[in-house]
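Notes follow once the structure below has been shown.
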Amino acid sequence: MTDSGRSLAGTTVVITGASSGIGRSAALELGRRGARVAVVGRDPGRTHDVAASIDDAEAFVADFASLAEVRRLADELLHRYGRIDALANNAGGLFSRRTRTVDGHESTIQVNHLAPFLLTELLLPRLRETAAAGHPVTIVSTGSVATRWGRLRLDDLDSRTWPWLGGWQAYGSAKTAVLLTTRELARRTRDSGITAYSFHPGFVTTSFGASSWMLRVGNALGNGGLGLTPQAGAVPLVELVSAAAPSAPSGTYFDGLHPDGRASRAARDDALAARLWEVSESLVRPWLSTP
């Protein structure tokens, strides 16, 4: 990655999952570099607090467990910003118990994949307009090393047939979907001025996965210092958004700051990526049409 710390003055960055953890740290740093930041979060209080800490930022509240809220969020962003230079799909979650959203989907696949997929689709025309006007556009999605054990079945995205295993199997599958969507997005936006990347931030000590006994035990054994700080985990996201020129081909998965991170074979399957896009689009189609 290049041009670390370059000024982002005049750019608009939308970042989800920005009310805490690496999303919050990334939003603060992107604001420090001069970006106009759309701070998207689920918790109203924390989301507004983060936005208030940035010179040029605005808070947008949405719960990704509702696709209707994602559609409302997209409408608000499109109404507010005539130019969007970067979209950081950072919101996600690990659920220790099987739960379903109001839309009937298993929570892990909706919050980590279907909701950001829908948001990206809805914002893509504006992102294309920005790129066509000569402004490079970056779409960055937060992945995970969990993709190494993810099993993705297009006929069972809700993980009905897999053992739950504290939610880790479903989480790995959802993050596999994130990497695949990034690859297909890169193909669909080739030569448009838009680049798409995914990255693994490392093991970060945040409230993420607070209900997981595995993470609680690991953090206790490490005296609360098992992982990276949120600031360190946010570095790849910030650098990918800030780079003046691509340092790797669009569609690349980064492990931290290193391109071509290790991932499962499924996460590198371009044919699977194309089919996943079609399946995902069919699942969110009611929210893609104009009211």
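Values for this structure:
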| item | result |
| --- | --- |
| Rounded accessible area of I194 (nearest 10 Å², 1.4 Å probe) | 10 Å² |
| Contact order relative to length of segment 45-176, as percent, for alpha carbon pairs under 8 angstrom and 6 or more apart | 27 percent |
| Coil-residue trypsin sites (Lys or Arg not before Pro) of segment 93-164, DSSP, other Cβ within 10 Å capped at 13 | R97, R153, R160 |
| J(HN,Hα) series, segment 135-143, from Karplus relation 6.51 cos²θ - 1.76 cosθ + 1.60, nearest Hz, glycine and proline x | 9, x, 10, 10, 10, 10, 10, 7, x |
| Listed values [x] 30, 21, 17; [y] 26, 22, 19; [z] 34, 21, 20, entry calculated as semi-axes √(5λ) of the Cα gyration tensor in Å | [y] |
| Dipole of the chain [Lys/Arg +1, Asp/Glu -1 at C-beta], most positive-end residue of A132, L157, S242 | L157 |
| Only Lys, Arg (+1) and Asp, Glu (-1) charged, at Cβ; segment 1-157 dipole about Cα centre in debye | 320 debye |
| Residue-span extension gain [S7 to R190] - 0.36 nm each, minus C-alpha spacing | 63.3 nm |
| Gaussian network model of the chain, springs between alpha carbon atoms under 10 Å - residue of G31, G134, G233 with greatest fluctuation | G134 |
| Cβ charges +1 (Lys, Arg) and -1 (Asp, Glu), total dipole of the chain, debye | 500 debye |
| Full-extension gain in nm, R98 to D75, via 0.36 nm per residue minus C-alpha separation | 5.2 nm |
| Solvent-accessible heavy-atom area per residue, rounded to whole Å², over the chain at 1.4 Å | 43 Å² |
| Prolate/oblate/rounded call for segment 40-88, Cα gyration tensor, a/c under 1.5 rounded | oblate |
| Protein-only accessible surface order, largest first, of H79, H48 at 1.4 Å | H79, H48 |
| Global form of segment 6-156, assessed from the alpha-carbon gyration tensor, a/c cut-off 1.5 | prolate |
| Calculated [θ] (222 nm, deg cm²/dmol) that DSSP helices of n ≥ 4 give over the chain, each run adding -39,500 (n - 2.57) | -12000 deg cm²/dmol |
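The values are calculated or read from the model by the stated rules, or taken from the named source; none is laboratory data. As the structure is a computational prediction, the values presented were derived from the model and not from experiment. Positions of Cβ are generated from backbone atoms using ideal geometry, with glycine treated the same way; all protein chains shown enter the neighbour counts. Surface accessibility is based on the protein's heavy atoms, side chains included, excluding ligands, DNA and RNA. Shrake-Rupley method; radii C 1.70, N 1.55, O 1.52, S 1.80 Å.
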